[in-house]
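Accompanying notes for the structure given below.
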Amino acid sequence: MYKLIASDLDGTLLRTDKTISQETIDTLVKLDKKGILFAPSTGRTHLELPEPIAKLPFLKYGLCVNGGEIYDYQKDCCVYELNISNEEAIEVLEYAKQLPIVPSLVIHGKRYMPCDDKGNIDAYIQSIAVKSILAISIGIPNLIEFLKENKEGVQKFLMYPRNAQQKEEMIQALSKQFPNLSICSSGPLYIEVNANGVDKGKGLQKLCEYIGIETRDVIAFGDASNDIALLKEAGLAVVMENGTEETKKYAHRLAKTNDEDGLRKVLEEIYSL
């Protein structure tokens, strides 16, 4: 019997409108009563979980920032964090100025986005970013000067290519310039840049070590390329029908789409609910 469900959020557990069905919540509640743990596995930070997830009464752990952060919600503390150094983070921002791309960054769970002198976050980001994340983001007029002043490392960058068709080209350019960083895509309009050694698979290893189970005891759900390492590490890998063709190569089985409650239906079958 699998002991942990590790699920991506956007495009997997969450529907297109960023909600989760009551039926899915009810299923997770039933599994919790059976002692089956649930952990969101997401590029979001521990502060950015959508309200329906953050309010789950049984939420204990979060595999966040693409595996760069493990958060214990019971103790309200981060138990693992792997960052890009302050110096390399500044280099990333300097290089990004040459590309048709808009960067944002995360430090200790808080997201910082470029803004104008009046504090208005970049208009392009506003047009495509998740509104709930925009609402809690902090506007910074000059991200480079901000990093130089506070000397902090960066948990991750979320890059917004100005043209979706250029996303793969931007990934290749960043990967060539920064071969030691972990660079992947979490959706058609986003590029994630994490520290060397950060991916959801390694994050799952850290989480399992922390709670005392084996990765083979995990069911993983995902849809995008940043989920592949998670899927490869888990005992059972489930990919949504709306997932990318590349991600589906790593599936042990497929689920119906996120808008069809595919995750719930698979869980109800596996656990005979």
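For the range 176-268, applying the loop criterion from DSSP together with a ceiling of 13 other beta carbons within 10 Å to the GluC sites (Glu not before Pro) yields GLU214.
Shape call for the range 86-194 from the C-alpha gyration tensor, a ≥ b ≥ c root eigenvalues: rounded (a/c under 1.5), prolate (a/b greater than b/c) or oblate? Oblate, since a/c reaches 1.5 and b/c is not below a/b.
By the beta-carbon count within 10 Å of each Cβ, the least crowded to most crowded order of ASP26, ASP227, ASP117, fewest first, is ASP117, ASP26, ASP227. As a proxy for reagent exposure, ASP17, ASP223, ASP32 were ordered by neighbouring Cβ count within 10 angstrom, fewest first; the result is ASP17, ASP32, ASP223. Nearest 500 deg cm²/dmol is fine: what mean residue ellipticity at 222 nm does the chain get from its DSSP H runs of n ≥ 4 alone, each adding -39,500 (n - 2.57), divided by its residue count? My calculation for the chain gives -9000 deg cm²/dmol from helical runs alone.
The Stokes-Einstein estimate for the range 76-150, based on a Kirkwood radius over Cα pairs and taken at 37 °C with 0.692 mPa s viscosity, is a diffusion coefficient of 245 µm²/s. Using a cutoff of 8 angstrom between alpha carbon atoms and counting only pairs six or more residues apart, the relative contact order for the chain works out to 20 percent.
Cβ crowding within 10 Å, taken as a proxy for footprinting-reagent exposure, orders THR244, THR16 from fewest neighbours to most as THR16, THR244. The mean sequence separation of alpha-carbon pairs under 8 Å and at least six residues apart, normalised by the residue count of the range 86-194, gives a relative contact order of 29 percent.
For the range 135-238, the relative contact order comes to 21 percent (Cα pairs under 8 Å, sequence separation of at least 6).
Values quoted throughout were computed directly from the atomic coordinates according to the rules given, and no laboratory measurement underlies them. In this text, all values refer to a predicted model and were calculated from it rather than measured experimentally. Cβ coordinates were reconstructed from backbone atoms using ideal geometry, including for glycine residues, and neighbour counts include every protein chain displayed.
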